[in-house]
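What follows is a single structure, written as structure tokens, with notes after it.
The values are calculated or read from the model by the stated rules, or taken from the named source; none is laboratory data. Here the structure is a predicted model, which is why all the values come from computation and not from measurement. A quick note on method: Cβ atoms are made from the backbone with ideal geometry, for glycine too, and the neighbour counts reach across all protein chains shown.
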Protein chains: 4
Amino acid sequence: MSRRRTLSIALIGTKFMGRAHSNAWRQAPRFFDLPADVRMAVLCGRDAAATREAAAKLGWENAATDWRAVVDDARLDALDICTPNDLHAEIAIAAARAGKAIICEKPLARNLREALQMVGAVKSARVTNMLCHNYRRVPAIALARQMIERGEMGKRVYHFRARYAQDWIADENFPLVWRLQADKAGSGALGDLGAHIVDLARFLVGEIDSISALSSTFIKKRRSKPGGALRTVDVDDAFCAIGKFRNGALLNLEATRFARGRKNHLSFEINGSGGSIVFDLEKMNRLRFFDRRDRAHAHGFRDIIVTEPSHPYLENWWPPGHLLGYEHSVIHTVADFVCAVVSGKRVRPDFEDGFETQRVLDAIQRSGAQRGKPIRVSR
Amino acid sequence: MSRRRTLSIALIGTKFMGRAHSNAWRQAPRFFDLPADVRMAVLCGRDAAATREAAAKLGWENAATDWRAVVDDARLDALDICTPNDLHAEIAIAAARAGKAIICEKPLARNLREALQMVGAVKSARVTNMLCHNYRRVPAIALARQMIERGEMGKRVYHFRARYAQDWIADENFPLVWRLQADKAGSGALGDLGAHIVDLARFLVGEIDSISALSSTFIKKRRSKPGGALRTVDVDDAFCAIGKFRNGALLNLEATRFARGRKNHLSFEINGSGGSIVFDLEKMNRLRFFDRRDRAHAHGFRDIIVTEPSHPYLENWWPPGHLLGYEHSVIHTVADFVCAVVSGKRVRPDFEDGFETQRVLDAIQRSGAQRGKPIRVSR
Amino acid sequence: MSRRRTLSIALIGTKFMGRAHSNAWRQAPRFFDLPADVRMAVLCGRDAAATREAAAKLGWENAATDWRAVVDDARLDALDICTPNDLHAEIAIAAARAGKAIICEKPLARNLREALQMVGAVKSARVTNMLCHNYRRVPAIALARQMIERGEMGKRVYHFRARYAQDWIADENFPLVWRLQADKAGSGALGDLGAHIVDLARFLVGEIDSISALSSTFIKKRRSKPGGALRTVDVDDAFCAIGKFRNGALLNLEATRFARGRKNHLSFEINGSGGSIVFDLEKMNRLRFFDRRDRAHAHGFRDIIVTEPSHPYLENWWPPGHLLGYEHSVIHTVADFVCAVVSGKRVRPDFEDGFETQRVLDAIQRSGAQRGKPIRVSR
Amino acid sequence: MSRRRTLSIALIGTKFMGRAHSNAWRQAPRFFDLPADVRMAVLCGRDAAATREAAAKLGWENAATDWRAVVDDARLDALDICTPNDLHAEIAIAAARAGKAIICEKPLARNLREALQMVGAVKSARVTNMLCHNYRRVPAIALARQMIERGEMGKRVYHFRARYAQDWIADENFPLVWRLQADKAGSGALGDLGAHIVDLARFLVGEIDSISALSSTFIKKRRSKPGGALRTVDVDDAFCAIGKFRNGALLNLEATRFARGRKNHLSFEINGSGGSIVFDLEKMNRLRFFDRRDRAHAHGFRDIIVTEPSHPYLENWWPPGHLLGYEHSVIHTVADFVCAVVSGKRVRPDFEDGFETQRVLDAIQRSGAQRGKPIRVSR
């Protein structure tokens, strides 16, 4: 009988995503029957003292500051990349060359060129690769996908519209953090929020054929800190886009950081020939579903509480009606990544998905730069 | 003391809009202190017997079948046009020449040329003219406008997004009624539903500068009746559009008759620098409002039940919490029209508004025909 | 062929209920195919000038101030009683003796004794009699009843809980109007609000076997007008009650005028062996329904928009998704009353229903006076 | 400088609560700056193999089967009791005598006598003691308490109504598990669900003065397993209760396991002189709040998303709009327990709170047994 394998993990990044992924690595083995043991080997950050403290707090055995050394450490099996976007490509390519399995935070890259290089690297190295679009693994969204696959929405999809709205920079005095700088983030709402809804569009409906987009930077100058000099904001505050899917469905996307009162409002609606589905991340344990087959007098959107054992991922958690939170979607992602590393099978979304998503983001950006000119998302 | 005036009204059209406007003419004087008495003089329809029956049922003194004779009847003061769209221009122009005050159902016309002629006619004749975009007078929407004018949404508007979704033709066996024929309706979802949300965009945010749009006819052939021959559907089933307002806000519009479960779902959201407003016509007595000035720990969208005496039009109705319905918006429209006829003051939306709205509809149609090419809504 | 009958109606009362019923008499013939014509003959009020003015505004041919003369007028067929509660019994008994059909606002009477006399009078006189519990004819509530009758809630009912909450007297400076005086109103929240939910309990689930109740007068003294003397409030501000139905279901009722933010919040939930139903009058065009027979993964409360032609009363109104308001429930009531007067058949709720409801209100009042002592609603 | 203390914990129970508490012990140190280190020393269960497996999965160093040996283990500092209710008293009393700090799952005991003994034991031993009514530490509920304390609900409370509804035994074929047996569970919905809402009533409004209650066992016989013999169900399936608080507010409680579609529906509404608060555990990241001080035209219930850093416990978690789940309330409870053990200060709810709650449960049970006879919750 074969010995049970242990995967040694390194995570690069100690901020919001670093914390969320650390939690996922700690929790996944407690709730899921993973095919391997997980060893939280190294946390890697820029500042030595802060990283040591974070490693202790977050449950990592060791702390490191040199990601190249981490990548080259032969005792490690997998790398989890939670850095700002400008390091994704460099680290991922190095990790692929070092034969590591890779899970990378979204967006895959700052631009299409980087994305293409990353895909090339993981393909050449034949390493397991996954992009952390964790919302695919929110149970309600996973259920939506199942229902579409089973035909419960009918044979045709007519509309997919999604919106990701937040308000954390709506105040004009909010400082110019890295997420508002093009060299670090690549783009603004587009890569941060838009990447999620483009990924969901592809996950739930299919590939996108063409796109027209507008974008806007509402507050054009900000200070990097209170009292600092005013600097130009060179990323988008918001965009909206329309397009068509290859299957003929209409696409409507919008992302903004300027919607007062919307905290993490990723919402979508899909209209199919047989029904409709509505989701809102701020009510993430719910899925609303309209079924044309219901008896006529009792037609209506159902408000499904997605906490039943028969729902995706739920049999590992609590009894019905006991809600899950944001972090669970990351736990599910990590759990599936571990399975993929062990089985060697493709897991979605992977870097190729990230590249396809980046194509769409790129088209949105180019169309926006040309005031809405339609762009083919060519292949 | 001056004698109280009596306005004699003729209404052309006996179907859905004919019924709704008849009701408004009957009810307005019962609930509002109008500056004139209203005489429901003539109902005009195509079929003599059916029109006689409708006139009796709906409260009109006389029935007629020749709209030209009605227009020329010197005893009549005002004309209410509730016909299919292909007759709007001809009747309205004749009525203007005959010196009648005119209230006309939306959309103003089938195209920009007709709209321009109608504006010219009422301007030349200097007659009171109004377009029945009744949703402006849903109390919650009128309240939204008041709040924006008072500055409760802040100084800037960032986003306006509206969607008008229905599902009554989603079944592929639904017949090819007049609303699905270009010669009678001008367009499909665009003129029928899109006109409403374009009007609201202009009412709530301002004029539109440019637009990119896509449209689709999902079911390309239908039968005019069960067993009849298949004919091509030459109007749009749905469209989506993005654009910019002159004030810099982003615009996102969508209208469809293919959203299963959405019965009369006109919804919009406005994001301003000081707050956000959300509305859904299927919950038309509510307005949701987020106010950045609220204490931080109690931030949240308020669900305002718009039935207080201090809300627009409400002091004429029932106590707080007693809901109004669809038809009340038409009653409010008619009441304001009567005031305008008596005062001689401009009432909004008028034919010029209809023309401006038609410009936008025209731009959407042209952009859609060119697969999203950006169109300037020129002036 | 028999000549079509005309019913001549007199209405007593000119305030809120007088206005709502006048509207119903005007509107019912416009939307329903009634079996008789309706003549709005006389409006009767206390003040001659105000009543004349109201009659003109509300559409009545004549105005009167002496209700006895109205009752005795042989040209009148039916009487609609919209006075304060202290006149219900006297007028109804006189009207019954005069052979008039009677529709009376709720609550039937101030107390059980009066209610009994009223039932005796209409039974002796064999006149059509109806109690205006208009909420039975809110389409969503009528649909709930249909669904229960069809067995869609299963064979057994386990729970009925209803709450009627308002806040219009929550301010301690609100004056001592007639509805807060026992001699005129009989009781406070009990008769005004409680009567509605007791009627719905009986309508939807069945007769009540026993009851325990508590009541409270939160503000014990009020002024009849600003600056006036403080007087004791001798009616209840709120009550809550629990009990059992004869069929074994548990009952939970609450009514209050002290729930800030609740404007006209009549809500109920019914739990049966096969499903649950939830209703809220502040969203009166909706009915929420949980059906245990749904596929497990798609279980959830459906939000039915009760505006389809197949829903009760709806085929007489507007297309799907076009909402009805408060007043429509009164129109439906009057329409059904006219049918009953012509057919001679019993219409529900009638005075006997009012008496049964009064039994329950009486038990609640007696139990409340004894701090919750269980009371048998005996027969 | 003093050495940082380490608390060694033992947990008894391996099922739902054992899993939830194990998770809390693992997670609390990762997200909160606790004043001591936590050592997850021993997990104790009945079955040796299963407990060993659970200990490994849930993160405990050791497994044990003899709770008495665990209690007597001098190396352990604190005991977490997650057994069925019939063992609470025996274990807690032994643990107190052994000088252990104790956290115990609710309900404290099966009856008042046991509860009293438990209070006596912890008082004599002067050990830190806490009852795990974790819902007090759902951030939205903790926020509600803060808002009440700050006076945002006004000076008086008029109404508290709570309902805890589930449906997991509504099917008559559901087996007779321990929660449906009086000797093990003490009671049915009463102790399981009722204990939570009585605790919240006391937490949010104050002590209860008197109570009237009804209870029911809808399915009187069940099989312990499919094909087994029918046995009598000797606990309640549901109860409802009304009462008064010492401060004069009206109380209305209901708990049931027979509400189809309600999965974990703990909801409450509080009406104060200055506002109202509404909560629903199935939407646990939300608190609805009506503030009478809002401008009149913008009155309405606010839907607060309780995920801001300023909200209770939230600064330790994710950015705004990223939801928490059920388990977080247990983590918060454990974190506060650790603080209390180290500081030696009283933490609420403690065993005395449990005893007070048990008084109310006892009164409900006795009143229910006497068909609603009012019972004084005496002191």
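I want to confirm something. Restricting to segment C:366-379 and keeping residues that are surrounded by fewer than 23 Cβ atoms within 10 Å (Cβ to Cβ) and not aliphatic (A, V, I, L, M), which single residue is nearest to C:Val119 (Cα to Cα)? In this case the residue turns out to be C:Arg379.
Return yes when D:Ile364 is away from chain A (no Cβ under 12 Å), of a type in the set (Val, Ile, Thr), touching a residue at least 60 places away in the same chain (Cβ under 8 Å) and under 30 Å from C:Arg163 (Cα atoms) and no when it is not. Steps first, answer last, please.
On the way: away from chain A (no Cβ under 12 Å): yes; of a type in the set (Val, Ile, Thr): yes; touching a residue at least 60 places away in the same chain (Cβ under 8 Å): yes; under 30 Å from C:Arg163 (Cα atoms): yes.
The answer is yes for D:Ile364.
I'd like the residue in segment C:301-318 that is in contact (Cβ under 8 Å) with a residue 12 or more places away in the chain and part of a loop (DSSP other than H, G, I, E, B) and, out of all such residues, is surrounded by the most Cβ atoms within 10 Å (Cβ to Cβ). First the steps, then the outcome.
Kept after step one, since they are in contact (Cβ under 8 Å) with a residue 12 or more places away in the chain, are these residues of segment C:301-318: C:301-308, C:311-314, C:316-317.
Applying the additional criterion that residues be part of a loop (DSSP other than H, G, I, E, B) yields C:306-308, C:311-313, C:317.
On the way: C:Val306: 26, C:Thr307: 24, C:Glu308: 19, C:His311: 22, C:Pro312: 18, C:Tyr313: 21, C:Trp317: 21.
Filtering first and then ranking leaves C:Val306.
Pairs meeting the criteria (first residue in segment B:140-157 and over 22 Å from C:Leu323 (Cα atoms), second residue among the polar types (S, T, N, Q), beta carbons under 6 Å, at least 6 apart or on different chains) are B:Gly154/B:Ser273; B:Lys155/B:Ser273; B:Arg156/B:Ser273.
When residues in segment C:295-348 are screened for being within 24 Å of B:Val306 (Cβ to Cβ) and of a type in the set (A, V, I, L, M, F, W, C), 10 of them pass. Which one of these is assigned by TED's automatic domain parsing to the domain that holds B:Phe301, in contact with a strand residue (DSSP E or B) (Cβ under 6 Å, 6 or more places away or on another chain), exposed (fewer than 15 other Cβ atoms within 10 Å of the Cβ) and within 29 Å of A:Gly274 (Cα to Cα): B:Leu230, B:Leu176? Just a single option satisfies the conditions, and that option is B:Leu230.
Can C:Ala74 be described as modelled with pLDDT of 95 or more and either not assigned by TED's automatic domain parsing to the domain that holds C:Asn111 or not in a loop (DSSP other than H, G, I, E, B) (or both)? Let's see the steps before the verdict.
Numbers: modelled with pLDDT of 95 or more: yes; either not assigned by TED's automatic domain parsing to the domain that holds C:Asn111 or not in a loop (DSSP other than H, G, I, E, B) (or both): no.
No; evaluated as a whole, the condition is false for this residue.
Among the residues of segment C:37-60, the ones that are under 22 Å from C:Gly99 (Cα atoms) and away from every other protein chain (no Cβ under 14 Å) come to 5 in all. Just one residue in the set B:Ile197, B:Ile211 is crowded, with 21+ Cβ neighbours inside 10 Å, within 11 Å of another protein chain (Cβ to nearest Cβ) and of a type outside the set (Lys, Arg); that residue is B:Ile211.
Residue-by-condition table, conditions (1) crowded, with 17+ Cβ neighbours inside 10 Å; (2) not small (Gly, Ala, Ser):
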{"position": "C:Arg3", "(1), (2)": "no, yes"}
{"position": "C:Thr6", "(1), (2)": "no, yes"}
{"position": "C:Thr14", "(1), (2)": "yes, yes"}
{"position": "C:His21", "(1), (2)": "yes, yes"}
{"position": "C:Asp47", "(1), (2)": "no, yes"}
{"position": "C:Ala56", "(1), (2)": "no, no"}
{"position": "C:Trp60", "(1), (2)": "yes, yes"}
{"position": "C:Val70", "(1), (2)": "yes, yes"}
{"position": "C:Arg75", "(1), (2)": "no, yes"}
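The set of residues from segment D:268-287 being within 12 Å of chain A (Cβ to nearest Cβ) and assigned to a strand (DSSP E or B) comprises D:Asp280, D:Arg286.
Taking the residues in segment B:245-258 that are more than 22 Å from the chain's Cα centre (by Cα) and facing chain A (nearest Cβ under 8 Å) as candidates, determine which candidate is surrounded by the most Cβ atoms within 10 Å (Cβ to Cβ). Full working, then the answer.
Taking segment B:245-258 and keeping what is more than 22 Å from the chain's Cα centre (by Cα), we get B:246-250.
Then keep just the ones that are facing chain A (nearest Cβ under 8 Å); that gives B:248, B:250.
On the way: B:Gly248: 13, B:Leu250: 25.
Restricting to residues being more than 22 Å from the chain's Cα centre (by Cα) and facing chain A (nearest Cβ under 8 Å), the top hit is B:Leu250.
Restricting attention to segment D:92-115, the residues that are assigned to a helix (DSSP H, G or I) and under 18 Å from the mean Cα position of the chain (by Cα) add up to 4. Applying the criterion of being under 25 Å from B:Arg179 (Cβ atoms) and among the charged types (D, E, K, R) to the residues of segment B:259-282, the residue that is farthest from the chain's Cα centre (by Cα) is B:Arg260. Within segment C:191-241, the set of residues being assigned to a loop (DSSP other than H, G, I, E, B), under 21 Å from D:Gly243 (Cβ atoms) and within 24 Å of the chain's Cα centre (by Cα) comprises C:Thr217, C:Asp236, C:Asp237.
Summed over segment D:303-348, the residues that are touching a Pro at 6+ places or on another chain (Cβ under 6 Å) and aromatic (Phe, Trp, Tyr) give a count of 1. In the set C:Glu327, C:Glu308, only one residue is at the interface with chain B (Cβ under 10 Å from one of its Cβ atoms) and within 30 Å of C:Val127 (Cα to Cα); that residue is C:Glu327.
Within segment C:12-36, restricting attention to residues that are more than 14 Å from chain B (Cβ to nearest Cβ) and among the hydrophobic types (A, V, I, L, M, F, W, C), the residue that is nearest to B:Phe32 (Cα to Cα) is C:Ile12. Evaluating D:Arg150 against the criteria (1) at pLDDT below 95; (2) farther than 30 Å from C:Ile277 by Cα; (3) surrounded by fewer than 17 Cβ atoms within 10 Å (Cβ to Cβ) leaves one unmet condition, (1). Which members of segment D:77-90 meet the condition of being crowded, with 23+ Cβ neighbours inside 10 Å and assigned to a helix (DSSP H, G or I)? Within segment D:77-90, D:Asn85, D:His88 meet the criteria. Across segment D:214-232, the number of residues qualifying as in contact with a Leu (Cβ under 8 Å, 6 or more places away or on another chain) and within 14 Å of chain C (Cβ to nearest Cβ) comes to 3.
For B:Leu116, the conditions (1) of a type in the set (A, V, I, L, M, F, W, C); (2) within 21 Å of B:Arg246 (Cα to Cα); (3) modelled with pLDDT of 95 or more are fulfilled apart from (2).
Looking for whichever is modelled with pLDDT under 95, on the phi > 0 side of the Ramachandran plot and of a type outside the set (A, V, I, L, M) here; the options are D:Gly248, D:Gly206, D:Gly261, D:Gly227. Which one fits? Walk me through how you get there before you give the answer.
Working: D:Gly248 fails: modelled with pLDDT under 95; D:Gly206 fails: modelled with pLDDT under 95; D:Gly261 fails: modelled with pLDDT under 95.
After applying the criteria, what remains is D:Gly227.
Hey, does segment C:161-177 have a residue that's part of a helix (DSSP H, G or I), of a type outside the set (S, T, N, Q) and free of Cβ contacts under 8 Å to residues at least 24 places away in the same chain? Give the derivation first.
Looking only at segment C:161-177, we keep the residues that are part of a helix (DSSP H, G or I), and these are none.
No, segment C:161-177 contains no residue that is part of a helix (DSSP H, G or I), of a type outside the set (S, T, N, Q) and free of Cβ contacts under 8 Å to residues at least 24 places away in the same chain.
Listed by first and then second residue, the pairs with beta-carbon distance under 9 Å, at least 6 apart or on different chains, first residue in segment D:46-65 and outside the structural domain of D:Leu87 (by TED's automatic domain parsing), second surrounded by 14 or more Cβ atoms within 10 Å (Cβ to Cβ) and of a type outside the set (Lys, Arg), form an empty list. Taking the stated definitions as given, is D:His297 more than 10 Å from chain A (Cβ to nearest Cβ), part of a helix (DSSP H, G or I) and over 30 Å from D:Phe32 (Cβ atoms)? Yes, satisfied.
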